[in-house]
Amino acid sequence: MVKTVVTLMLALFLSSLHSWAKLTVVTELSPPNQTWANDQVGGVSTELVKAILDTAALEGEFYMYPWARALSIAKDKPNTLIYSMAKTPHREALFHWIGPVALFNLGFVTNQPPQKIHIKSLTDAKQYRLAVQRDDVAAQVLHKLGFEFIETADIQQSYHLLAANKVDLVVDDPRYIGAIAQAMKLPDNHFRYVLDIEPLSVRGYLAVSLATDPGLVVRLRNAYQQLIDTPLYRRALFE
């Protein structure tokens, strides 16, 4: 009897440890949604993800990587969260999806004046040099549309190529180009938004690796639902 009780207590203890295990949370640099300052991952989408974890009574260790590496880690490592990721048909079966934590309306950005870069259609844009992040949804969509481009590790590298005039265009949300310019210590108006890319109006999701404990996934989804009507949620998705 005593042995049975001890075994049961040990099982409950191990289960508790598993439930409270610290989760790995990976993302990429994408101001102002995901920022890096004072050796900490920040930004409005990060605040929402942290609120989801807090509401679920879970703890996360946040890491920032180039997007392709973050994606690889999230696919292969149990108990790993990733954000802000577009939910594409190719990715849908590779993760558990918690919910949107960002909204992106993407288009072409340049640092050149209108008389040098003049774009009224996607066809016009194909004549210019373009940089896109590796394994990003923009790379997938633009490849299908017949674009050729340089692949970069992250959005910061794409912008550095643009600032150095090694490419003519990058892809970003017009709300965020000022924050990127500030991070690069450039004038707020250094970059100019040129044209919407309609297929790239997308939501960025929080997702979880398939090998994650199903109980943790349920807790995260329930926590997400509790935050939908909060000011933080509205700020991350709609402002």
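The values are calculated or read from the model by the stated rules, or taken from the named source; none is laboratory data. Keep in mind that what you see is a predicted model, and the values were worked out from it rather than measured. Cβ: placed from backbone, ideal geometry, glycine included. Neighbour counts: every protein chain shown.
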Restricting the search to the stretch 204-235, which residues are within 18 Å of V26 (Cβ to Cβ) and small (G, A, S)? G204, A207, S209, A211
Among (1) surrounded by fewer than 17 Cβ atoms within 10 Å (Cβ to Cβ); (2) in contact with a Ser or Thr (Cβ under 6 Å, 6 or more places away or on another chain); (3) among the aliphatic types (A, V, I, L, M), which single condition is A93 missing? (2)
When you check H118 against the structure, is it surrounded by fewer than 17 Cβ atoms within 10 Å (Cβ to Cβ), modelled with pLDDT under 95 and in a helix (DSSP H, G or I), yes or no? no
Here the qualifying pairs (Cβ atoms under 7 Å; residues six or more apart or on different chains; first in the stretch 91-106 and within 12 Å of S201 (Cβ to Cβ) and of a type outside the set (A, V, I, L, M); second modelled with pLDDT of 95 or more and part of a strand (DSSP E or B)) come out as F104/G204; N105/D196
Only one of these is touching a strand residue (DSSP E or B) at 6+ places or on another chain (Cβ under 6 Å), among the hydrophobic types (A, V, I, L, M, F, W, C), on the phi < 0 side of the Ramachandran plot and at pLDDT below 95: I155, I150. Name it. I155
Contact list, first residue from the stretch 214-239 and more than 22 Å from N105 (Cβ to Cβ), second anywhere and loosely packed, with under 11 Cβ neighbours inside 10 Å and not charged (D, E, K, R), beta-carbon distance below 8 Å, six or more apart or interchain, is R219/A57
Could you list, in sequence order, all residues of the stretch 99-115 that are surrounded by fewer than 16 Cβ atoms within 10 Å (Cβ to Cβ) and within 30 Å of Q226 (Cα to Cα)? N105
Whichever residue in the stretch 44-70 is of a type in the set (D, E) and not in a loop (DSSP other than H, G, I, E, B) and, among such residues, is surrounded by the most Cβ atoms within 10 Å (Cβ to Cβ): E47
Within the stretch 157-175, the residues that are surrounded by fewer than 22 Cβ atoms within 10 Å (Cβ to Cβ) and among the small types (G, A, S) are A163, A164
Return only the number of the condition from (1) of a type in the set (V, I, T); (2) touching a helix residue (DSSP H, G or I) at 6+ places or on another chain (Cβ under 6 Å); (3) not assigned by TED's automatic domain parsing to the domain that holds H160 that V109 does not satisfy. (3)
